[in-house]
Amino acid sequence: WASAVLLYLAAADAVAGLLVGFWLSLETFADAAPLHGLALDALEALGAKPDQAGVAAASAGIVAVDFVLMLLVCAGTLIAGYYGWRGYTWARWAGVVALGVSLLALLLHPVAWAVPALAALGAGALWLPVSRRFAAAWQAVRHPAPVYPAIRDDVFYGPLDRYRA
């Protein structure tokens, strides 16, 4: 439960960081998220002026990149959290991937900077011995060991004596 809750909280924090960044973008676009400032600095280095139409179009693209980053972070953490809660053994590795992808949240608003810490705690909880036992128990329920029929030695092959002439 702890891993699922922590990974779900990481996803919720990523969404909150995106929404706060969107809200602050209305007034101060460059200061709303680190990605915004980096992208606008790169555009200025290329010779674009802040009042040009190309910068406005690039700003829309930057906002789209923000959304994609949030989707990647949320997809990783939600998949790891859900399948860890359902007892799948591969969810531990999904948690490691989610931890790596959660670093993208550092490009969103500082509200989302807690995402990697929450993802690390959630992914770490998936590697605890109790989680391993939980996954092994669910594996036994989902894929029980095959039951083979008992071998009988009293089977007679060939013609019976009563049918011989």
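The values are calculated or read from the model by the stated rules, or taken from the named source; none is laboratory data. These numbers come from a predicted model, not from an experiment. FYI the Cβ positions are ideal-geometry reconstructions off the backbone, even for glycines, and counts take in every protein chain you see. Accessible surface areas use protein heavy atoms only, side chains included; no ligands, DNA or RNA. Shrake-Rupley method; radii C 1.70, N 1.55, O 1.52, S 1.80 Å.
Rolling a 1.4 Å sphere over the protein heavy atoms, what is the accessible area per residue of region 50-148, to the nearest Å²?
Accessible area per residue, region 50-148: 56 Å².
Suppose R0 equals 25 Å; then what is the FRET efficiency for residue 136 and residue 106 from their Cβ-Cβ distance, rounded to the nearest 0.05?
0.10
Cα gyration tensor of region 102-148, axes a ≥ b ≥ c as square roots of the eigenvalues: rounded (a/c below 1.5), prolate (a/b > b/c) or oblate?
Prolate, because a/c is 1.5 or more and a/b exceeds b/c.
Tell me, what % of the accessible area of region 63-165 is carbon and sulfur with a 1.4 angstrom probe? Don't jump to the answer; show the numbers that get you there.
Details: 4980 of 6910 Å².
Here carbon and sulfur together make up 72 percent of the probe-accessible area.
In a shell of Cβ-Cβ distance under 12 Å around residue 125, excluding residue 125 itself, what net charge do Lys and Arg (+1) and Asp and Glu (-1) give?
Once all neighbours under 12 Å are counted, the net charge is +2.
7 Å from Cα along Cα→Cβ at both residue 161 and residue 12: what's the point-to-point distance in nm?
Using points 7 Å along Cα→Cβ, the separation is 8.0 nm.
Sorted by accessible area with a 1.4 angstrom probe, largest first, how do 69, 121 fall?
Values: 69 20, 121 105 Å².
Listed by decreasing accessible area, they come as 121, 69.
Can you pull the one-decimal nm distance between simple spin-label points at residue 65 and residue 5, each 7 Å off the Cα toward Cβ?
Here the answer is 3.7 nm between the modelled labels.
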